[in-house]
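To start, the structure under review is shown below, and the notes come after it.
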Amino acid sequence: DWSVADVLAAEQQQQQQQLPAAAVPSAASARAIASSFALKYYTLFGRSPHALRGFYKVDSYFQHDDEQNAGTAAHGPEEIADHLKQLGEPHCKVELSVVDGQWSLGGGLVIQCVGLMQTERSDAPRRFVHTFFLATQKPSGFYVLNDCMRYLQPPPASPQPLVPPQPSAAAEQQQQ
């Protein structure tokens with residue numbers, strides 16, 4: 001029987017053992033932990049979202065918005081677990097195109113994921129961006145302190161070319 005905290009703590013300890021004591025954690029180690037976290041998180045999200053409750057603590061915050069900025073917010077593991085049960089579902093498939101990780105305040109880790117999510121309720125995969133802040137916990141490891149997810153608008157069928165802004169007549173007169 002394993003917990004998310006145990007797995008993340010073991011990975012953090014392994015990363016720290018590979019670094020000299022005075023070394024600053026590398027960008028590569030941040031990306032490695034971010035990738036490992038994302039794999040575990042989205043695997044559970046698609047199979048048993050209720051199991052994600054173990055990723056959160058009493059001071060954790062969760063925000064999930066759709067394309068129209070209508071969303072849900074929750075605080076603490078019970079509220080977050082209730083929302084995750086509504087959002088996730090068995091047989092949800094997630095395809096990640098980007099997973100970035102960056103060290104942050106107090107040894108924490110900011111993770112940003114971009115990808116596509118397909119659920120049984122959706123007609124087509126939905127683009128999303130998901131940002132986490134993993135805070136450190138005692139004696140070791142991380143937990144999700146902040147969790148912000150947003151579904152993105154589908155791209156337009158024919159993208160409009162970007163047009164540089166044109167200077168106003170008043171700005172042109174000032175330059176002369």
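The values are calculated or read from the model by the stated rules, or taken from the named source; none is laboratory data. In this text the structure is predicted, and so the values were computed from the model without any measurement. Ligands, DNA and RNA are stripped out before the accessible areas are found, and what is left, the full protein with its side chains, is counted by its heavy atoms. Shrake-Rupley method; radii C 1.70, N 1.55, O 1.52, S 1.80 Å.
Using a probe radius of 1.4 angstrom, the carbon and sulfur fraction of the accessible surface of the stretch 22-96 is 55%.
Once the 1.4 Å probe is applied to the protein heavy atoms, the stretch 35-109 comes out at 53 Å² accessible per residue.
Taken one residue at a time, the phi angles of the stretch 118-131 give Karplus couplings (6.51, -1.76, 1.60, θ = phi - 60°) of 10, 10, 5, 7, 9, 6, 9, x, 10, 6, 8, 10, 9, 10 Hz. Gly and Pro are set to x. In the complete set of protein chains, residue-level accessible area for Tyr151 is approximately 20 Å², probe 1.4 angstrom. A probe of 1.4 angstrom, applied to the heavy atoms of all protein chains, finds Glu95 with accessible area near 120 square angstrom. Of the residues Glu79, Glu120, the one with the largest accessible area comes first in the ranking Glu120, Glu79, computed with a 1.4 Å probe on protein heavy atoms.
Solvent-accessible surface (1.4 Å probe) assigned to Lys93 amounts to roughly 140 Å².
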